[in-house]
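For reference, the structure I am asking about is given below.
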Amino acid sequence: MESERGWKFTQCFGDKADLEDVTEADIISTVEFDHTGDYLATGDKGGRVVLFERNDNKQGCEYKFYTEFQSHEPEFDYLKSLEIEEKINRIKWLRPNNNSLFMLTTNDKTIKLWKVCEKALKLVTENNLLDGDRAPPPDISHLRLPKLVPHENIIAAIPRKIYANAHAYHINSISVNSDQETYLSADDLRINLWNLGINNQSFNIVDIKPANMEDLTEVITAAEFHPSSCNYFMYSSSKGTIKLCDMRDSALCDQHAKQFEEPEDPAAKNFFSEIISSVSDVRFSSDGRYILSRDYLTLRLWDINMEKQPVRTITVHDYLKPKLCDLYENDCIFDKFECNISGDGKHAMTGSYNNYFSIYDLEDSGNDVMLQADKNAFRAKRVQGPNGSKSKVGIPRNGRSGLRKEDIDPEAIDYNRKILHSSWHPRENTLAVAATNNLFIFTD
């Protein structure tokens with residue numbers, strides 16, 4: 001009998017408007033589960049952070065709205081005559097403390113530490129003047145003591161620390177250390193190390209800025225701390241390299257401990273080679289043994305103990321190779337796709353155009369699944385699977401039968417619809433996928 005298991009759509013949050021009607025500020029720019037998977041955060045181009053809480057009343061993995069707050073506002077750098085967007089580039093969760101949630105959020109220049117907690121609102125019910133409706137008391141013996149009575153509980157977001165003025169270039173990554181005391185922030189040319197309790201001082205641990213900017217050949221594209229060894233971190237570059245650094249070696253980690261790079265085939269080199277080899281995202285597996293990296297066309301899995309070549313190379317959308325010229329013309333070739341690795345380290349996920357995204361079985365490539373985060377989810381149309389079972393969104397329960405890479409016509413793809421941002425539940429096979437202004441939840 002065929003298994004009933006398979007990836008299926010479970011939830012969708014966000015406005016149902018057509019792509020043309022979506023406000024720029026509502027476009028989701030980052031998605032992140034917390035360490036337990038009980039909370040999920042999204043940030044958007046309007047500087048807002050929306051939190052979702054796991055709905056324990058429902059079976060399976062479902063979420064409900066928790067709270068929303070304005071994290072960043074648009075600013076203007078008068079010294080450089082530059083507008084600083086409010087767009088949230090990254091959100092990283094800290095461990096909860098005293099029934100409060102803590103998270104770091106960043107835009108291009110400023111990182112903020114937020115505390116989110118439940119607060120009881122109280123109202124004054126008795127006073128001496130009743131807002132002018134009653135004459136003042138005739139003497140002191142008639143004075144009433146004000147009374148505070150509980151009114152309602154609200155979810156409050158309080159900025160505890162603001163870490164500013166440490167980056168000359170746009171921040172692309174933040175990563176909390178396993179010691180939960182420090183974190184790193186990376187921009188195009190430098191990586192800084194911060195103590196969470198000190199917001200007016202950071203230490204520069206990587207600096208690739210050349211003495212003469214005309215000699216600049218690469219930029220930092222992403223950085224992340226090792227999940228368990230607090231002295232290790234890695235960063236990727238636009239040259240397609242990933243460098244693993246050990247902070248015990250020296251204060252400035254310009255000399256990497258290990259470098260992961262796949263040599264380029266000279267025969268395949270062309271005008272676009274440098275652009276498409278730029279690494280857009282890197283992630284450690286939860287045990288710290290593997291590194292998952294994404295460039296424009298491929299996903300690579302590296303063993304931390306083997307630098308010479310990746311353990312597995314996955315072509316994400318090789319059907320776009322003949323379209324690179326068009327993608328260069330419309331700037332899509334510069335899109336930064338993120339990647340994710342499951343909590344058990346057995347699966348990887350990344351996005352593509354037309355709101356397609358793929359889930360790869362890292363042990364058996366025959367089990368790879370391609371899905372689509374589509375607005376049809378709102379209509380929840382039911383489609384019969386090969387075994388007679390029904391499932392939502394045109395994806396049979398056995399997701400492998402839903403979409404096949406071979407059937408995709410590159411000419412029919414909508415390049416404005418793309419899955420750039422996503423997050424994998426740390427303990428379950430549940431995915432949060434951002435598609436423009438909508439957040440889709442898929443579960444296995």
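The values are calculated or read from the model by the stated rules, or taken from the named source; none is laboratory data. Just so it is clear, the model here is predicted, and its values are computed rather than measured. Cβ coordinates were reconstructed from backbone atoms using ideal geometry, including for glycine residues, and neighbour counts include every protein chain displayed. Remember, those area values only see protein heavy atoms, side chains included, never the ligands or the DNA or RNA. Shrake-Rupley method; radii C 1.70, N 1.55, O 1.52, S 1.80 Å.
Take the residues in segment 290-324 that are within 18 Å of Met370 (Cα to Cα) and hydrophobic (A, V, I, L, M, F, W, C), then tell me which one is surrounded by the most Cβ atoms within 10 Å (Cβ to Cβ).
Leu299
Is there any pair linking a residue in segment 325-350 that is surrounded by fewer than 21 Cβ atoms within 10 Å (Cβ to Cβ) to one that is assigned to a strand (DSSP E or B) and not basic (Lys, Arg), with Cβ under 8 Å and at least six apart or on different chains, and which?
Cys332/Tyr353; Lys336/Thr221; Lys336/Asp281; Gly343/Trp424; Gly345/Tyr290; Lys346/Asp361
Might you let me know whether segment 262-269 holds any residue that is closer than 25 Å to Lys323 by Cβ and in contact (Cβ under 8 Å) with a residue 60 or more places away in the chain?
no
Can I ask one more? Counting only residues that are under 22 Å from Ala17 (Cα atoms), part of a loop (DSSP other than H, G, I, E, B) and at pLDDT below 50, how many does segment 346-394 have?
Qualifying residue count for the region: 4.
Could you check, for segment 142-153, whether at least one of its residues is within 30 Å of His421 (Cβ to Cβ) and either acidic (Asp, Glu) or touching a residue at least 24 places away in the same chain (Cβ under 8 Å) (or both)? Break it down stepwise before answering.
Filtering segment 142-153 for residues within 30 Å of His421 (Cβ to Cβ) gives none.
The answer is no, given that none of the residues of segment 142-153 is within 30 Å of His421 (Cβ to Cβ) and either acidic (Asp, Glu) or touching a residue at least 24 places away in the same chain (Cβ under 8 Å) (or both).
A further question on this structure: Quick test for you: out of Lys147, Lys92, Lys122, pick the one residue that is under 20 Å from the mean Cα position of the chain (by Cα) and either open to solvent by 80 Å² or more (accessible area, probe 1.4 Å) or closer than 30 Å to Phe225 by Cα (or both).
Values: Lys147 fails: under 20 Å from the mean Cα position of the chain (by Cα); Lys122 fails: under 20 Å from the mean Cα position of the chain (by Cα).
The match here is Lys92.
Among the listed residues Leu104, Leu113, Leu51, Leu121, identify the single one that is of a type in the set (A, V, I, L, M, F, W, C) and closer than 30 Å to Arg144 by Cα.
Working: Leu104 fails: closer than 30 Å to Arg144 by Cα; Leu113 fails: closer than 30 Å to Arg144 by Cα; Leu51 fails: closer than 30 Å to Arg144 by Cα.
Unique residue meeting the criteria: Leu121.
Now for a separate question. Residues that are over 24 Å from Leu104 (Cα atoms) and in contact with a strand residue (DSSP E or B) (Cβ under 8 Å, 6 or more places away or on another chain), at least 1 per element: which strands (runs of 3 or more DSSP E) completely within segment 196-314 meet that?
By residue number, 242-246, 258-260, 290-294, 298-303.
Further, regarding this structure: Out of (1) of a type in the set (A, V, I, L, M, F, W, C); (2) touching a Lys or Arg at 6+ places or on another chain (Cβ under 8 Å); (3) in a strand (DSSP E or B); (4) under 18 Å from Asn438 (Cβ atoms), the odd one out for Leu104 is which?
(4)
Ok, one more. Could you list, in sequence order, all residues of segment 181-191 that are of a type outside the set (Val, Ile, Thr) and either crowded, with 23+ Cβ neighbours inside 10 Å or within 12 Å of Thr221 (Cβ to Cβ) (or both)? Please lay out each step first, then the result.
Quick first cut of segment 181-191, residues of a type outside the set (Val, Ile, Thr) only: 181, 183-190.
If the condition is that a residue be of a type outside the set (Val, Ile, Thr) and either crowded, with 23+ Cβ neighbours inside 10 Å or within 12 Å of Thr221 (Cβ to Cβ) (or both), then Tyr183, Leu184, Ser185, Ala186, Asp187, Asp188, Leu189 are the ones that fit.
Condition test on Glu86, is it touching a residue at least 24 places away in the same chain (Cβ under 8 Å) and surrounded by fewer than 18 Cβ atoms within 10 Å (Cβ to Cβ)? Walk me through it before giving the result.
Numbers: touching a residue at least 24 places away in the same chain (Cβ under 8 Å): yes; surrounded by fewer than 18 Cβ atoms within 10 Å (Cβ to Cβ): no.
Considered against the rule, which asks whether it is touching a residue at least 24 places away in the same chain (Cβ under 8 Å) and surrounded by fewer than 18 Cβ atoms within 10 Å (Cβ to Cβ), Glu86 comes out as no.
Let me ask you something else. Just checking, how many residues over segment 66-101 are within 17 Å of Thr42 (Cβ to Cβ) and hydroxyl-bearing (Ser, Thr, Tyr)?
3
Can you tell me which residue in segment 246-274 is surrounded by the fewest Cβ atoms within 10 Å (Cβ to Cβ), limited to those that are of a type in the set (Lys, Arg) and over 27 Å from the mean Cα position of the chain (by Cα)?
Our first condition is that a residue be of a type in the set (Lys, Arg); within segment 246-274, this holds for 248, 258, 269.
Then keep just the ones that are over 27 Å from the mean Cα position of the chain (by Cα); that gives 248, 269.
Details: Arg248: 9, Lys269: 11.
Here the residue is Arg248.
Further, regarding this structure: Can you tell me which residues in segment 152-163 are surrounded by 12 or more Cβ atoms within 10 Å (Cβ to Cβ) and either part of a loop (DSSP other than H, G, I, E, B) or touching a Leu at 6+ places or on another chain (Cβ under 9 Å) (or both)?
Our first condition is that a residue be surrounded by 12 or more Cβ atoms within 10 Å (Cβ to Cβ); within segment 152-163, this holds for 155-163.
Matches in segment 152-163: Ile155, Ala157, Pro159, Arg160, Lys161, Ile162, Tyr163.
With under 30 Å from Met306 (Cβ atoms), open to solvent by 40 Å² or more (accessible area, probe 1.4 Å), within 19 Å of the chain's Cα centre (by Cα) and not basic (Lys, Arg) as the only criterion, which of Ser237, Ser178, Ser173 stands out?
Answer to the check: Ser178.
Considering (1) farther than 25 Å from Ile84 by Cβ; (2) assigned to a strand (DSSP E or B), say which one Ile191 fails and leave the rest.
Of everything listed in (1) farther than 25 Å from Ile84 by Cβ; (2) assigned to a strand (DSSP E or B), Ile191 misses just condition (1).
Six or more apart or on different chains, Cβ atoms under 6 Å: show the pairs whose first residue is in segment 28-42 and free of Cβ contacts under 8 Å to residues at least 24 places away in the same chain and whose second is open to solvent by 10 Å² or more (accessible area, probe 1.4 Å).
Asp38/Arg54
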